[in-house]
There are 2 protein chains.
Amino acid sequence: MQTQVTKTLNGLDTAQMMATIEAIKGQPDLGRFQFRARNRWIDGGENRSTIRDFYGAGREDDSRADAFTFTNGEPPILLGHNEGANPVEFLLHALAGCVTTTFVLHAAARGIRITRLATELVGDLDVQGLLALDDAVSPGYEQIRIRMDVEADCSDAELADLLAFTHAHSPVCNTVCRPVPVVLERVMTHGSF
Amino acid sequence: MQTQVTKTLNGLDTAQMMATIEAIKGQPDLGRFQFRARNRWIDGGENRSTIRDFYGAGREDDSRADAFTFTNGEPPILLGHNEGANPVEFLLHALAGCVTTTFVLHAAARGIRITRLATELVGDLDVQGLLALDDAVSPGYEQIRIRMDVEADCSDAELADLLAFTHAHSPVCNTVCRPVPVVLERVMTHGSF
């Protein structure tokens, strides 16, 4: 009889984690991913995204039987009917999740066990930018602040180091902090996506 | 008997839209918004955000009876179990929604009626950055491309102008294209959020 023991730390399979890291070290092209979303306008401030396929680790992923769907909406003060959270709120959700997952991953790589982790995010935004009322006002967030409440089996100094490392290595945090080019072009597909 | 007629264009109440713009022009402070999210780590790459309250137009919003909740997850290749879309995919959803809503809003302001609008987004990302395997690789998206399929009652030149205007004025697009500071700090709340 064989017994297979899966060692996990912070809910991550540590053997798989180290194997993934070694595989990418040996063949850096495996690190290249392409993520995708398709979105359809419904009416007013309501639209819906479908997310399923992506490319990564050298192939098209086929792990998702069904697509995820998410609805953007706007509150009444922004001309909507609360059909969903609005896009700038979804950005905060993406940032919260990415900072959390990056923190948990690198804690596991360092052998740190996390017992509690929660974040609170606030982002300041002046809609004069969106409405093109004042060219001096940027349409995007001015700043986003993340407060993290975390408890783990390590020192405060180790947590502080992990926090700084997370800020530098979280993909969404890096996409927000750094200028990332967005190409927006019109195509004629006649409704095919 | 009084009859109230609400004029809408692209699903937006045009009178409310113009009144909002005039109000903010007269009192620019009304344009200041603060959006918020609270997130709790569950296990591994799974975590969940709660989004409800925000500040805007000079007061705390109370239009949402219930909070929105969204779950981040990761696919197996990224050590998860597809508990939800992952954070970088949620960023694409936020960007798709914001570009769409900005386009629809400014089309309405210009008197353009949209009959169809869909987008397809792809974002390239090298996980060597996240894994800190190569300092020369940025952890965030290298580039995001948005292909928009749109049909409206105006000329191609007007649509091209609206597309460029949208790129410049979409809050999420602007947050991605421009460097936006993210402050990440540890707080001791002992699980209170």
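Suppose we filter segment A:42-56 for residues that are within 20 Å of the chain's Cα centre (by Cα) and open to solvent by less than 50 Å² (accessible area, probe 1.4 Å); how many remain? Before the answer, list the steps.
First, the residues of segment A:42-56 that are within 20 Å of the chain's Cα centre (by Cα): A:47-56.
Within this subset, residues satisfying the condition of being open to solvent by less than 50 Å² (accessible area, probe 1.4 Å) are A:47, A:49, A:51, A:53-54, A:56.
Residues in segment A:42-56 being within 20 Å of the chain's Cα centre (by Cα) and open to solvent by less than 50 Å² (accessible area, probe 1.4 Å): 6 in total.
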Qualifying residue in segment B:62-82 (condition: modelled with pLDDT of 95 or more, facing another protein chain (nearest Cβ under 7 Å) and touching a Phe, Trp or Tyr at 6+ places or on another chain (Cβ under 6 Å)): no
Across (1) surrounded by 16 or more Cβ atoms within 10 Å (Cβ to Cβ); (2) within 17 Å of residue A:123 (Cα to Cα), residue B:59 clears everything bar (1)
Residue A:155 being closer than 29 Å to residue B:190 by Cβ, exposed (fewer than 15 other Cβ atoms within 10 Å of the Cβ) and of a type in the set (Gly, Ala, Ser): yes
Look through A:11, A:58 and report the one residue that is more than 7 Å from every other protein chain (Cβ to nearest Cβ), at pLDDT 95 or above and at positive phi. A:58
Are any residues in segment B:161-188 open to solvent by 30 Å² or more (accessible area, probe 1.4 Å) and part of a loop (DSSP other than H, G, I, E, B), and if so, which ones? B:178, B:179, B:181, B:188
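Could you go through segment A:1-21 and let me know if any residue there is in contact with a His (Cβ under 8 Å, 6 or more places away or on another chain), under 27 Å from residue B:137 (Cβ atoms) and open to solvent by less than 70 Å² (accessible area, probe 1.4 Å). Even if it seems obvious, please write down each step before you answer.
So in segment A:1-21, the residues in contact with a His (Cβ under 8 Å, 6 or more places away or on another chain) come out as none.
No, segment A:1-21 contains no residue that is in contact with a His (Cβ under 8 Å, 6 or more places away or on another chain), under 27 Å from residue B:137 (Cβ atoms) and open to solvent by less than 70 Å² (accessible area, probe 1.4 Å).
For (1) free of Cβ contacts under 8 Å to residues at least 12 places away in the same chain; (2) part of a strand (DSSP E or B); (3) touching a strand residue (DSSP E or B) at 6+ places or on another chain (Cβ under 6 Å), each residue gets a yes or a no:
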{"site": "A:47", "(1), (2), (3)": "no, yes, yes"}
{"site": "A:63", "(1), (2), (3)": "yes, no, no"}
{"site": "A:69", "(1), (2), (3)": "no, yes, yes"}
{"site": "A:82", "(1), (2), (3)": "yes, no, no"}
{"site": "A:89", "(1), (2), (3)": "yes, no, yes"}
{"site": "A:105", "(1), (2), (3)": "no, no, no"}
All but one of (1) under 27 Å from residue A:171 (Cβ atoms); (2) more than 7 Å from chain A (Cβ to nearest Cβ) hold for residue B:145; state the number of the condition that does not hold. (2)
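Of all residues in segment B:148-158 being more than 17 Å from the chain's Cα centre (by Cα) and either in a loop (DSSP other than H, G, I, E, B) or touching a residue at least 40 places away in the same chain (Cβ under 8 Å) (or both), which is farthest from the other protein chains (Cβ to nearest Cβ)? Let's see the steps before the verdict.
Restricting attention to segment B:148-158, the residues satisfying the condition of being more than 17 Å from the chain's Cα centre (by Cα) are B:149-158.
Those left that are additionally either in a loop (DSSP other than H, G, I, E, B) or touching a residue at least 40 places away in the same chain (Cβ under 8 Å) (or both): B:150, B:152-155, B:158.
Values: B:150: 6, B:152: 11, B:153: 15, B:154: 13, B:155: 13, B:158: 12 Å.
Checking each candidate, the answer is B:153.
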Can you find even one residue in segment A:128-144 that is open to solvent by less than 10 Å² (accessible area, probe 1.4 Å), closer than 19 Å to residue B:186 by Cβ and touching a Leu at 6+ places or on another chain (Cβ under 9 Å)? yes
Of the residues in segment B:99-119 that are open to solvent by 10 Å² or more (accessible area, probe 1.4 Å) and within 15 Å of the chain's Cα centre (by Cα), the one that is farthest from the other protein chains (Cβ to nearest Cβ) is B:105
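Looking at the structure I just gave you, is residue B:24 on the phi < 0 side of the Ramachandran plot, among the β-branched types (Val, Ile, Thr) and under 18 Å from the mean Cα position of the chain (by Cα)? Don't jump to the end; show me each part of the working.
Numbers: on the phi < 0 side of the Ramachandran plot: yes; among the β-branched types (Val, Ile, Thr): yes; under 18 Å from the mean Cα position of the chain (by Cα): no.
Here the answer is no, as residue B:24 does not meet what is asked.
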Taking segment B:23-41, which residues are among the aliphatic types (A, V, I, L, M) and either in contact (Cβ under 8 Å) with a residue 40 or more places away in the chain or buried (at least 18 other Cβ atoms within 10 Å of the Cβ) (or both)? B:24, B:30, B:37
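The values are calculated or read from the model by the stated rules, or taken from the named source; none is laboratory data. All values derive from a computational prediction rather than experimental measurement. Glycine also receives a Cβ, built like all others from the backbone with ideal geometry; neighbour counts cover every protein chain displayed. The accessibility values were calculated without ligands, DNA or RNA, using every heavy atom of the protein model including side chains. Shrake-Rupley method; radii C 1.70, N 1.55, O 1.52, S 1.80 Å.
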